[in-house]
Each structure stands twice: as structure tokens, then as C-alpha cells.
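Worksheet: the structure to be examined is printed underneath.
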Amino acid sequence: PTAWESAARTDFSAWPARGPLTGDSGLLHRALAVWARPGATVHVSATAGTEIGGPAGPPQLLYAGQVDNARVVVFYDGLRIARYAEPVDGTQGAALDFARADGATGAEASALVLGRSDGNVQYLTAPWVQKAASRNLMKPDSSATSLKVTNGVTAPLASPALRPGNCTSWTVLQLTDASGTALSTDLGELVPAHLTVGKPGSPGEVSDTAGRAAWAPFACSLAAERSVGVRSVNAWSYADQPLPDGSGAAEWVCTRAETWRGDGTGALAQFRTPGGRAAAVVAKGTDALSCGPRDPHVLAGVLWKSAAGHWYLLAAGDKDTASIQAGGGVTAAGQGQFLVARAKQGARATLKGTLENGQAINGLR
């Protein structure tokens, strides 16, 4: 159980087998048999881009035990996490779930979902995790709620992946180890998504009040990333734009979700007026390079109505933006990273920009 202490990597291969049923050979045999040949009555699911075939070699057992009303077995085969679950009172209605986990290390390999019920989720945490807690991401100044961890299994905490209705809170998992503190969120899959904050290419952990405050207005936008194979989500505050009516500055943030499979990434440009509790998603790019490590730039715009009733096109790029041009329903141009132009209600504009190095950039749409 302590082999991880001398392991070269902090990944799933360093996890020991845990749970009270690791010695139940019948259960383990059934789990492996179903993985090799799931029958017609087995419910099989997988995150996008994840193979559902049998293991290429002997998989590593991570957990075997009872979770709520099911016996659960979790394996790792070097590329995927596989979770087998069967009812406590029989084997009819078994389920087999898969998720990619190739290359996961550190915070990305610090927790797995064991089960969900009654709006809650339970995690199995890495052996190097020292403390676990839950937080409401929308209340950055509030204290974390300590979670009891028994043999690596957390007490249940609210799952935002299961919550219906309006978004009024967003509960995240906070884990602390020798390297520091990190946040992850349940997006409906076996591996929670790692949350980071900062400029693409060099983001940091959401480990202090400033990091949590940066995420708070944008927490509800995570709902758009449920069940699409998300590995991590970064929030990058790229501009503060003075508003034309003198009411302060609006914040522009790009949240970018990276996936385990590489494609299907999602970038959201979000706009928040002064004092606004939540932001508005004003542009979205799928499989766009914007806001990512390969292209750490972004340009987006929004139609905004001032308190005096005037409509404006507001556009903002990151600090490397030299000029912005608008076409279509609004024709305007300006130097620097901001553009402000009078507009009519309902006008639709296209945006193009030029970076200081001469590179062209298109508006996220």
C-alpha cells in the first residue's frame, strides 16, 4: 500500500488496490469477464473517444467494495479507467463504464468517481492526498467543508453534474497533498475535471482566494462541459474594458475545456459587467485553438446596452492585440485591444484583429 511513496510518477499506476472486497475472487472474476465480453443485459458507457474493448493485458485493480447499493470494482489498464458495478442483491443490471486517463498525473490522477446517488458523488482519492474538502465555487470567500476520508473513499458531497434546475451553487472537490491544493469538479464522468486559472500555457492551481474569485462568476458555465470527456478547464481573465458610459470596466474571460481525446475542445468567451454576480457567454468555439497553449490569444465581442439606453458593440482582445476591425451589421475599426462603436439593437457584427506581431486573428463566434 505504500509503494506509491517510491514511485517515479504520481499517476494511477502508483495507486494501491483498496476496498473491503479486494479479496472477493468471485466478484473480480465477474468484473473481468464482463469487461472481456459484456452481455446484452450489461449497460456499457464510455466518455467520448474512449475504446470499450477488453484490456490489452492484465489490468491493475484500484478498488473493490460496496458503494451505496452496488458492488463496485475499478480497474486501470494504463490508458483507461474501467468501473464495473452490480447490484448487491444479484448480478442482473450490471454496468460497465470507461474513461480515458492516458497521461494523467498529479492533480489529474488524484481522484476517481466511485458512485453517484441522491444528488451526491463519492470519490476514491489518491494515496498521496492528505486532506479532502468540498467548496462552493461561487462563494470564493467561504470556508471549505472538510470531508471525511475512509481508506481513500470520501464522504458524499453534492454533485453539480446531477443538479437540475437553475444554477445557484457549484460544489467542487478540494484535495491537498505535499505539492499544494487543487480543485476538481464532477462533470458526469469517472475522472473529475481539473480546474486551473491563468494565462494559457502557464496556468496555476485554483488554490487561494484570488484564484477562486477569478472562477466564481463563471462557475455555472461548467454545465456546458458535462459528459463530453473534459480533462481540465482553465479560466483566463484576458481584459478589463472601460465601458463607454463611465460605469466602470467590464471583465472579459475565456474559459477553455481540454478533452482527454484532444479534439472537441471548447472555448467560451465570457463578459461580466461591474458588480455582476455571473458572466454572460457571448462567443463559443469548438475545436478552436483560441485561449489554448498553442494559440494563447482571443478576440470576442458583445452588444451592450448602457444605462442611458444606448447600444454599443464592445470588443476586446488580449494584450497582444494591436487593432480590431468590425464588419457586417457594425462597421468600425480601432487601435489597441479594445473597440467601442455605437450600434443598433440586434445588430450582428463580424470581428477581425491583428496582433502586434502582424498575425491575423478572427473573433470567436
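Taking region 306-333 as the range and being out of contact with any Pro (no Cβ under 9 Å at 6 or more places or on another chain), surrounded by 15 or more Cβ atoms within 10 Å (Cβ to Cβ) and farther than 14 Å from ILE361 by Cα as the test, the residues that pass are TRP311, LEU313, VAL330, ALA332. Hey, could you check region 197-238 for residues that are within 11 Å of the chain's Cα centre (by Cα) and among the polar types (S, T, N, Q) and say which is modelled with the lowest pLDDT? The residue in question is SER227. Of all residues in region 32-68, count the ones that are under 30 Å from GLU225 (Cα atoms) and either among the aromatic types (Phe, Trp, Tyr) or surrounded by 13 or more Cβ atoms within 10 Å (Cβ to Cβ) (or both). Count: 24. Listed by first and then second residue, the pairs with beta-carbon distance under 7 Å, at least 6 apart or on different chains, first residue in region 132-160 and within 20 Å of ALA193 (Cβ to Cβ), second charged (D, E, K, R) and surrounded by fewer than 19 Cβ atoms within 10 Å (Cβ to Cβ), are SER159/ARG116. Among the conditions (1) out of contact with any strand residue (DSSP E or B) (no Cβ under 7 Å at 6 or more places or on another chain); (2) buried (at least 19 other Cβ atoms within 10 Å of the Cβ), ALA349 misses just one, which is (1). Taking the numbered list (1) in a strand (DSSP E or B); (2) in contact with a helix residue (DSSP H, G or I) (Cβ under 6 Å, 6 or more places away or on another chain) in turn, ALA278 passes all entries but (1). Filtering region 1-25 to residues that are farther than 20 Å from LEU114 by Cβ and modelled with pLDDT of 95 or more leaves only SER25. For GLN130, the criteria (1) crowded, with 18+ Cβ neighbours inside 10 Å; (2) in contact with a strand residue (DSSP E or B) (Cβ under 6 Å, 6 or more places away or on another chain) hold in every case but one, which is (1). Looking across LEU162, LEU137, LEU112, one residue alone is surrounded by 20 or more Cβ atoms within 10 Å (Cβ to Cβ), under 16 Å from the mean Cα position of the chain (by Cα) and more than 23 Å from TRP35 (Cα to Cα). It is LEU137. What do you reckon, is VAL340 at pLDDT 95 or above and under 23 Å from the mean Cα position of the chain (by Cα)? For VAL340, the condition - at pLDDT 95 or above and under 23 Å from the mean Cα position of the chain (by Cα) - is not met. Does at least one position in region 49-68 carry a residue that is closer than 25 Å to PRO127 by Cα, touching a Pro at 6+ places or on another chain (Cβ under 8 Å), without any contact (Cβ under 8 Å) to a residue 60 or more places away in the chain and not small (Gly, Ala, Ser)? The answer is yes; a qualifying residue exists.
Scanning region 324-333 finds no residues that are in contact (Cβ under 8 Å) with a residue 60 or more places away in the chain and either of a type in the set (Gly, Ala, Ser) or not in a loop (DSSP other than H, G, I, E, B) (or both). Looking at region 223-237 only, could you name the residues that are touching a Pro at 6+ places or on another chain (Cβ under 9 Å) and either hydroxyl-bearing (Ser, Thr, Tyr) or under 21 Å from HIS297 (Cα atoms) (or both)? Answer for region 223-237, where residues must be touching a Pro at 6+ places or on another chain (Cβ under 9 Å) and either hydroxyl-bearing (Ser, Thr, Tyr) or under 21 Å from HIS297 (Cα atoms) (or both): SER232, ASN234, ALA235, TRP236. Checked against (1) over 29 Å from the mean Cα position of the chain (by Cα); (2) surrounded by 18 or more Cβ atoms within 10 Å (Cβ to Cβ); (3) not β-branched (Val, Ile, Thr), PRO296 passes all but a single condition, namely (1). Can ARG71 be described as surrounded by 14 or more Cβ atoms within 10 Å (Cβ to Cβ), of a type in the set (Lys, Arg), touching a strand residue (DSSP E or B) at 6+ places or on another chain (Cβ under 6 Å) and closer than 13 Å to ALA31 by Cα? In short, yes.
Among the residues of region 334-348, those identified as part of a loop (DSSP other than H, G, I, E, B) and at negative phi are GLN337, ALA343, LYS344, GLN345, ALA347, ARG348. Within region 10-61, count every residue that is assigned to a loop (DSSP other than H, G, I, E, B) and of a type in the set (A, V, I, L, M). Residues in region 10-61 being assigned to a loop (DSSP other than H, G, I, E, B) and of a type in the set (A, V, I, L, M): 7 in total.
Among residues of region 288-309 that are part of a strand (DSSP E or B), those with a Cβ under 6 angstrom from a residue that is basic (Lys, Arg), sequence gap 6+ or separate chain, pair up as GLY292/ARG256. Output the residues belonging to region 81-140 that are within 17 Å of ALA46 (Cβ to Cβ), in a loop (DSSP other than H, G, I, E, B) and touching a Leu at 6+ places or on another chain (Cβ under 9 Å). ALA101, ASP102 - these are the residues of region 81-140 that are within 17 Å of ALA46 (Cβ to Cβ), in a loop (DSSP other than H, G, I, E, B) and touching a Leu at 6+ places or on another chain (Cβ under 9 Å).
The values are calculated or read from the model by the stated rules, or taken from the named source; none is laboratory data. The structure displayed is predicted, hence computed values, not measured ones. Reconstructed Cβ throughout: ideal geometry from the backbone, glycine too, with neighbour counts over all protein chains shown.
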